[in-house]
Amino acid sequence: MTATATLPAPAAPTPDAPPPKPRSRRWIRLVLPTGVVIFIVLVSALAYALQQPDPKNRAYLSPTSHRGFAADRLAGLLSQRGVKIERVTRTSDALVSAQSGDATLFIPTPNLVHPFYLRMLKLLPATTKVVLVDPSDSTLANGRLPIAVYDRNLVAHAAAPGCDFPAARDAGIAGVGRSVYTDLDPSAGSEELHRCYGGSLVEFTREQTAITVVGAADPFRNDRIGEHGNQRLAVGLLSRSPRVVWLDLHRRDQQPGYVNDPALAGQPAAPPSLGPGSPDPDFPLPPTGPPRRRANDNDDGDGGSPGGASNPLWSAFPPWLFAAIALLGLAAVLLALARGRRLGAPVAEPLPVTVRAKETVEGRGRLYQRAKARAPALRTLQAAARERLAHLLDLPPTVDRTTLVAAVSQAAGWTAEDVDRTLFHDEPENDEAMVAAAVRLETLLAAVTRRQA
């Protein structure tokens, strides 16, 4: 008795798993344009912010600097009119000089002035005029000035005066329309004298002092004073008195000191410090001794103290240089991210397997079929047929359409219209029409091949 070994039955072939569906990339078409727009807006905002002149720059509206955002041209025009210019670098010194009267106190950087000093403007005599250049809403509120910023534009635009203020009427259209100011607070006890340029230039009284707020610095700058009527407006505002007290301030003020001397109680208010006179709600005085003085209270603003002086290296370069460096750095980062996706140029590698031509043709055909790209598929077949026919008829590869159609028509015995439609014009509407067009191409090739043979 012999035992026979039983071989295991072959395992049934498992069906191929369906190929995974390609991941949809429609979100790229939605996100990419939005991202590009946001990127352009952010870069533009960054460049705009970096190119704006900094009031802390020592050349900003300075009567001694020749830079574009300085104001030495304005100082020269005032001197030609016989107006004496007194440049000071401390707000307290400017208030002391302006308190003697017959002067125009010009404050180009009111946002750097301590609010207590702005509250002292009401202590100036009636013969002193005050001009504030583009004060912010918080500066006006902290300075207890009865006006606020209603609207603010991105850049200053030109506008007509629309008022009887002599300086504005004589100047005409000027580029002051950046900040727009509200009406005066009726409870502040102030009076509005003039409102010009749609509310971008307002003159009002604070106690007995006339204060003018200008909504933009353009009329005073060297690079903008020649536009529109900016020069006449700036000169008209600052030439109403025989002298101009020009506050050339480029760092934030410290709080005024407190003089606790009973002997000064009967004296008039002294702007450099707060005295023990009658109580004033604008000046919250300490109930006891004077506050501690800070290390840089005696700094005159011309440098030298570590607390108040700015780094001179920043002012040695123009503002556009920093914007250019920032944009170049951003471009370098983006270039590094783009280059990081591929390491060097593409390298040709040998194929791991040999793919038969039939499989390549069938695979490409299935791709055309899946995309329902009948017209591109037929154009590919027609292009291959034209190239082969030109080779069979000894025609150059760049042969024109008329010559090719005539030669093929003579060689195949077809009419020129049939040849032209077969090689150039067929537009299949369905798969059957696509197959018929391909059959006509093969028939035409076979006819020319038989004739040539």
> Rounded, prolate or oblate: which fits the stretch 409-453 when a ≥ b ≥ c are the square roots of the eigenvalues of the alpha-carbon gyration tensor, with rounded for a/c under 1.5 and prolate only if a/b beats b/c?
Replying inline: oblate
>> Taking 8 Å as the Cα distance limit and 6 or more residues as the minimum spacing, I'd like the relative contact order of the stretch 40-253 as a percentage.
In response: 30
> Taking H as built 1.01 Å from N, whose amide H comes closer than 5 Å to the amide H of VAL244, not counting residues under 5 places away?
Replying inline: LYS84, ILE85, GLU86, THR104
>> Principal axis extents for the stretch 40-253, Cα atoms only, whole Å, descending order, please.
In response: 51, 38, 35
> Which of the lysines could a cross-linker span from LYS358 if the Cα-Cα distance has to be under 21 Å and same-chain partners fewer than 8 positions apart are dropped?
Replying inline: LYS372
> So what is the relative contact order for the stretch 359-452, in percent, with contacts set as C-alpha pairs under 8 Å and at least six apart?
Replying inline: 34
>> Can you tell me what percent of all Cα-Cα pairs in the stretch 359-452 are more than 17 Å apart?
In response: 49
> Out of residues 5 or more away from LEU249 or on other chains, whose amide H comes under 5 Å of its own, with H placed 1.01 Å from N in the peptide plane?
Replying inline: THR109
> So which lysines pass the test for LYS84, namely a Cα distance under 22 Å, with those fewer than 8 places away in the same chain ruled out?
Replying inline: LYS129
> Can you give the % of DSSP beta bridges in the stretch 40-253 that are antiparallel, to the nearest 5?
Replying inline: 45
> Which order, highest average first, do 77-86, 355-364 follow once you tally other Cβ atoms within 10 Å for each residue and take the mean per peptide?
Replying inline: 77-86, 355-364
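Each reported figure results from applying straightforward, stated rules to the coordinates on display, with no laboratory input. In this text the structure is predicted, and so the values were computed from the model without any measurement. Heads up, the Cβs are rebuilt from the backbone with ideal geometry, glycines too, and the neighbour counts pull from every protein chain shown.
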